[in-house]
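Here is the structure we will look at.
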Amino acid sequence: MLKLIKQRLVWGLVLTAAVGGLLGRNVTAHATSSKADEVKAAYVVDAKSGQAVYAQNADQKLPIASLSKLMTLYLVERAIERGQIKWTDTVPIRKNVRKMATSATLSVMPMPAKETFTVKELFAATLVGSSNSGAIALGEYVAGSNDKFIKLMNQQAAKWHLDASFVSASGLDNTDLKNYDLKLKGTSDQDQNLVSARAVTTIAQHLIDDYPDVVKVANQRSVKIHKYTVPTSVEILKGADYYDPRVPVDGLKTGYTNQAGACLVATYRQNGRRMIATTLGGAWQFTANNNLRLMLKKTEQYKQVVPKHINYQIPGTHTKVRLVTKYDSKLWVNQDQPMTQTKIALWPLHRAAPNYLAANTAVLKLRLTDPLSGTTKEVIYRTPEALTMLGPLQWATTPAKRTTTGTYAFAK
């Protein structure tokens, strides 16, 4: 659960293998005094760099309800990009899907047999209004059948190395889908989509990175489709009932079932950076996500964390060398929990041979560690030009000394 009021945020540098670079564990949060702030999992990430700034139970597979539609919409966008379908195509809709559209609890827009809908219309209804029948119809149009589309969803998740399993294009579980002959073969009557917070955030990241116009579609309070006005389910957009001007959002998707609880993926900007905040299993739809974003705004800064150039004294010698790094060392850091630094010597001092350093020699590894989450980032410093250590070795060397400011280890 999120410590959103009484405790400062633990920041993390957690990055998926698909984005690369950072390794780490989840931040474990504890009990909170407000039920409105309770969630089962959370994950907040910088969409461009992939750096995570918050993680709570991020790798636990949980029901995500209509957040599943983000994968569906990604595959629709990909099919359009590949020329397999067009925005202007009329989507065939089977009788069972039209029947679902008449449900007062499962539908946001009727789909009478006399009306036709384009890919663009159903895309908007699915993203903005969270149309279940729209998502299913789109999936069947992309893949040819519901079962084949679910297979595509799982294949894409595997390609991205995500901890996710899908049985539904809409996020409805089989207790509802079986009533419309949409239960995937080989699944039980209780099966549902199970996806981790990290995984669903990664799906959203791919969606807005590969197809950025999706944010413009999501950032609408309603869409007009034929004679139907489909309101947004993301009621924290500007002008909506739960909008908070302190932490404004411009999308992206809600989800809710009895089993999943309140789920939300919110897109927003902080310090000019595109961010994605995911909360799963909430008691209330928007409060926990909103408070988490507000906490991050107060505690996280995006700034340079290590210098581009350093003067480094080679361990065991009096010699100092100028080193440089190509790493763009701007990261999100927590004001109250700064990173610790460990220095690891990479260049071995030769005692029976000349000590030459060629240009671009890796001399120092700087390991940045979040002391609370254990997440790390490594920065390599190199020689900008060739150099030679002058003088007899006995003049250059000194007895090794222990230090509390860094850890040194020579490569073999």
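Taking region 82-104, which residues are part of a helix (DSSP H, G or I) and either open to solvent by 60 Å² or more (accessible area, probe 1.4 Å) or in contact (Cβ under 8 Å) with a residue 40 or more places away in the chain (or both)?
LYS95, ASN96, VAL97, LYS99, MET100
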Would you confirm whether or not region 188-203 contains a residue that is open to solvent by less than 20 Å² (accessible area, probe 1.4 Å), of a type outside the set (Gly, Ala, Ser) and free of Cβ contacts under 8 Å to residues at least 40 places away in the same chain?
no
Restricting region 153-182 to residues that are without any contact (Cβ under 8 Å) to a residue 12 or more places away in the chain and over 16 Å from GLY134 (Cα atoms), the one least open to solvent (accessible area, probe 1.4 Å) turns out to be ALA158
Taking region 162-192, which residues are closer than 19 Å to VAL97 by Cβ, of a type outside the set (D, E, K, R) and out of contact with any strand residue (DSSP E or B) (no Cβ under 8 Å at 6 or more places or on another chain)?
VAL167, SER168, ALA169, SER170, ASN174, THR175, LEU177, ASN179, TYR180, LEU182, LEU184, THR187
Region 348-361, residues that are exposed (fewer than 15 other Cβ atoms within 10 Å of the Cβ) and not in a loop (DSSP other than H, G, I, E, B):
TYR356
In region 284-333, residue least open to solvent (accessible area, probe 1.4 Å) [restricted to those that are of a type in the set (D, E, K, R), farther than 30 Å from ASP244 by Cβ and in a strand (DSSP E or B)]
ARG322
What are the residue pairs meeting all of these: first residue in region 247-258, first residue aromatic (Phe, Trp, Tyr), second residue at pLDDT 95 or above, Cβ atoms under 8 Å, and 6 or more apart or on different chains?
TYR256/ALA65; TYR256/SER66; TYR256/ALA262; TYR256/CYS263
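Tell me, please, whether a residue that is of a type in the set (Phe, Trp, Tyr), out of contact with any Ser or Thr (no Cβ under 9 Å at 6 or more places or on another chain) and at pLDDT below 90 can be found in region 316-330.
yes
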Please give the number of the condition SER133 fails out of (1) in a loop (DSSP other than H, G, I, E, B); (2) open to solvent by less than 30 Å² (accessible area, probe 1.4 Å); (3) small (Gly, Ala, Ser).
(1)
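Yes/no matrix, rows are residues, columns are (1) within 17 Å of the chain's Cα centre (by Cα); (2) among the aliphatic types (A, V, I, L, M); (3) over 23 Å from ASP59 (Cβ atoms):
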site: GLN259; (1), (2), (3): no, no, no
site: VAL265; (1), (2), (3): yes, yes, no
site: THR278; (1), (2), (3): yes, no, no
site: GLY282; (1), (2), (3): no, no, no
site: MET295; (1), (2), (3): no, yes, no
Could you list, in sequence order, the residues of region 105-120 that are over 23 Å from PHE166 (Cα atoms), open to solvent by less than 50 Å² (accessible area, probe 1.4 Å) and not in a loop (DSSP other than H, G, I, E, B)?
THR118
Residue list for region 204-235, filter: over 23 Å from THR287 (Cβ atoms) and free of Cβ contacts under 8 Å to residues at least 24 places away in the same chain:
PRO212, ASP213, LYS216, LYS224, LYS227, THR229
Any residue at all in region 339-347 that is over 30 Å from LYS297 (Cβ atoms), open to solvent by 50 Å² or more (accessible area, probe 1.4 Å) and either in contact with a strand residue (DSSP E or B) (Cβ under 9 Å, 6 or more places away or on another chain) or β-branched (Val, Ile, Thr) (or both)?
yes
Any idea how many residues of region 265-283 are without any contact (Cβ under 8 Å) to a residue 60 or more places away in the chain and either in contact with a Leu (Cβ under 9 Å, 6 or more places away or on another chain) or part of a helix (DSSP H, G or I) (or both)?
2
Residue in region 369-388 that is least open to solvent (accessible area, probe 1.4 Å), counting only those that are modelled with pLDDT of 80 or more and more than 14 Å from THR325 (Cα to Cα):
LEU387
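The values are calculated or read from the model by the stated rules, or taken from the named source; none is laboratory data. Here the structure is a predicted model, which means the values were calculated and not measured. As a convention, Cβ positions derive from the backbone with ideal geometry for all residues, glycine included, and neighbour counts pool all protein chains shown. Quick note on the areas: whole protein, heavy atoms, side chains included, nothing else; ligands and nucleic acids left out. Shrake-Rupley method; radii C 1.70, N 1.55, O 1.52, S 1.80 Å.
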